[in-house]
Amino acid sequence: MTVGGLDSAPGERIFFFDIDNCLYSPELCVHLLIKERIYEFGRGIGMDAATVVETCTSYYKDYGLTVRGLINHHGVDVAAFNDKVDGSLPLESVIKPDSALREMILSIKTRRWAFTNAGFEHASRVLKCLQVNDLFEGITYCDYAEPDFPCKPERRAYEKAMKESGAKDVRLCYFADDSASNVEAATEFGWTSVLVSKQPSVASKAADLHIKTIHDLPLVLPQLFT
C-alpha cells in the first residue's frame, strides 16, 4: 500500500528499492511483454502502425514513461491503459517466489520502502509474485490519473518518495535501481545509490556502487546487514 505522511525518527536509515528488473531478473523479459502491449494499445487508439514503435520510444525518452506521452498527445483513458497493458500481463506465470530475495530484504537493518515508476496494481502484483509484499512499509508509485505526475528520474519523484516515507535526511537514504539515469538522479539528490545491472555498458560513473543482481546487496553495503 502507499503510506503518506509518515514520520521517521531522526537518524533512521531507509532503503528505497526499485521493483521491475531490479527485484527480479530482466532476463524474465517482463519489459518486452510490456512493450508489446503498449504498441498494441497504441495501434488500438489509432496510432500509425508503421511508426508506433518509434513514437512510443520517443515518448519514453521525452517523458520518462511512455504512458505520459500517450496521455499528453493522445488523451488516453488511464483505466483502459492499465487494463490492456499492465493488467493483461501474465505476471503470476512469469515471476516466481524468491526465497533468497526475501531473506536478504529481511536481513537489512534499515526501514524498507518500494519506489517504482509503475502503477500501484502492477507494483503490488509483482511484490506478491515474489512473496515480499509484506516486507515493505509502503510503495511510492506513479498515479497515471494524477495530472503531471512525477516519475524517476525527475527530482520531484525522489522528493515524493521521501515525503511519503517520512524520510528526513538524504544522507540516510539508500537506493537500488536497474536504470542508470534513475541512479544518477538519486546520487545527485544526495542518496547513496546502487546500480543493479549485469550489463557493463549500463554501468554509471554516477552510481556509488554497482552490483549484478539485487541479491549481491550485502556484498557492497555490509554495514546495513550487521
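Tell me the label-point distance for the pair residue 137, residue 110, using the 7 Å Cα-to-Cβ offset, in nm and rounded to one decimal.
Here the answer is 1.2 nm between the modelled labels.
Let me know the charge dipole size of the range 93-139 about its Cα centre in debye, to the nearest 20, where only the beta-carbon of Lys, Arg (+1) and Asp, Glu (-1) is charged.
60
Cut-off 15 Å, label point 7 angstrom out along Cα-to-Cβ of residue 188: give me the residues of the range 139-166 whose amide nitrogen falls inside.
It comes to 151-159, nothing else.
How far is it, in nm, from the label point at residue 154 to the one at residue 45 when both lie 7 Å from their Cα along the line to the Cβ?
That separation, rounded to one decimal, is 1.7 nm.
Rounded to the nearest 500, what is the chain's calculated 222 nm mean residue ellipticity when only DSSP H runs of at least 4 contribute -39500 (n - 2.57) each, over all residues?
That calculation yields -11500 deg cm²/dmol at 222 nm.
Rank 153, 82, 99 by how far each Cα sits towards the positive end of the charge dipole of the chain (+1 on Lys, Arg Cβ; -1 on Asp, Glu Cβ) and give me just the farthest.
99
Name the long-range amide H neighbours of residue 166: under 5 Å, sequence gap of 5 or more, or other chain; modelled H, no Pro or chain starts.
5, 6
Which of rounded, prolate or oblate describes the range 50-176 when judged by the alpha-carbon gyration tensor and an a/c cut-off of 1.5?
Oblate, because a/c is 1.5 or more while a/b does not exceed b/c.
How large is the charge dipole for the chain, taken about the Cα centre, if only the Cβ atoms of Lys, Arg (+1) and Asp, Glu (-1) carry charge, to the nearest 20 debye? Spell out each step's value before the answer.
Working: 24 positive and 32 negative charges, 92 e Å.
In total the dipole reaches around 440 debye.
Determine the shape class of the range 107-152: with a ≥ b ≥ c the square roots of the Cα gyration tensor eigenvalues, call it rounded for a/c under 1.5, and otherwise prolate if a/b is greater than b/c, oblate otherwise.
Oblate is the answer for the range 107-152, as a/c is 1.5 or above yet b/c matches or exceeds a/b.
Return the aspartates and glutamates within reach of residue 61: Cα separation strictly under 13 angstrom, same-chain partners fewer than 8 residues apart disregarded; answer none if there are no such residues.
Within the straight-line limit of under 13 Å, residue 61 reaches these aspartates and glutamates: 154.
Pull out a ≥ b ≥ c, the square roots of the eigenvalues of the alpha-carbon gyration tensor of the range 55-96, then state rounded if a/c is under 1.5, prolate if not and a/b is larger than b/c, and oblate in the remaining case.
Working: a/c = 3.74, a/b = 1.71, b/c = 2.19.
Verdict is oblate for the range 55-96.
Between residue 226 and residue 60, what's the calculated FRET efficiency when r is the beta-carbon distance and R0 is 45 Å? Round to 0.05.
The computed FRET efficiency comes out at 0.70.
Take the alpha-carbon centre of the range 105-143, take the same for the range 164-226, and report the distance between them in whole Å.
One Cα centre to the other: 16 Å.
Once amide H atoms are built 1.01 Å from N in the peptide plane, which residues 5 or more positions from residue 210, or in another chain, come under 5 Å H to H?
195
Relative to the Cα centre, what is the charge dipole magnitude of the range 117-226, using +1 at the beta carbon of each Lys and Arg, -1 at the beta carbon of each Asp and Glu, and rounding to the nearest 20 debye?
Result for the range 117-226 is approximately 240 debye, rounded to the nearest 20.
Output ³J(HN,Hα) for the range 82-89: one whole-Hz value per residue in order, computed from phi by the Karplus curve 6.51 cos²θ - 1.76 cosθ + 1.60 with θ = phi - 60°, and x for Gly and Pro.
Couplings: 4, 5, 8, 9, 4, x, 8, 6 Hz.
Quick one: if you stick a label point 7 Å off each Cα along the C-beta vector at residue 29 and residue 206, how many nm between them?
About 3.1 nm, to one decimal.
Quick one: how many lysine pairs in the range 125-226 have C-alpha atoms under 19 angstrom apart, if they're 8 or more apart or on different chains?
Close lysine pairs found across the range 125-226: 5.
If the cut-off is a Cα-Cα distance under 18 Å, which lysines reach residue 84, setting aside same-chain residues fewer than 8 apart in sequence?
Partners found: 35.
For the range 29-133, which trypsin sites (Lys or Arg not before Pro) are in a loop by DSSP, counting at most 14 other Cβ atoms within 10 Å?
Answer by residue number: 109.
If you take the charge dipole of the chain about its Cα centre, with +1 on Lys and Arg Cβ and -1 on Asp and Glu Cβ, which of 64, 50, 127 is farthest toward its positive end?
Checked the options; the winner is 127.
At 0.36 nm per residue, and after removing the present C-alpha to C-alpha distance, how many nm does the segment from residue 53 to residue 198 gain when stretched out fully?
Working: separation 145, 0.36 × 145 = 52.20 nm, distance 2.57 nm.
Difference between extended and current length: 49.6 nm.
Quick query: amide H of residue 115 versus all other amide H atoms, modeled in the peptide plane; which residues come in under 5 Å with a sequence gap of 5 or more or a different chain?
Sorted by chain and number, the residues that satisfy this are 17, 18, 19, 140.
Laboratory data are not the source of any read-out in this text; all were calculated from the coordinates shown. Source: prediction; values computed, not measured. When we count neighbours, we look across all protein chains shown, and the Cβ atoms used for this are built from the backbone with ideal geometry, even at glycine.
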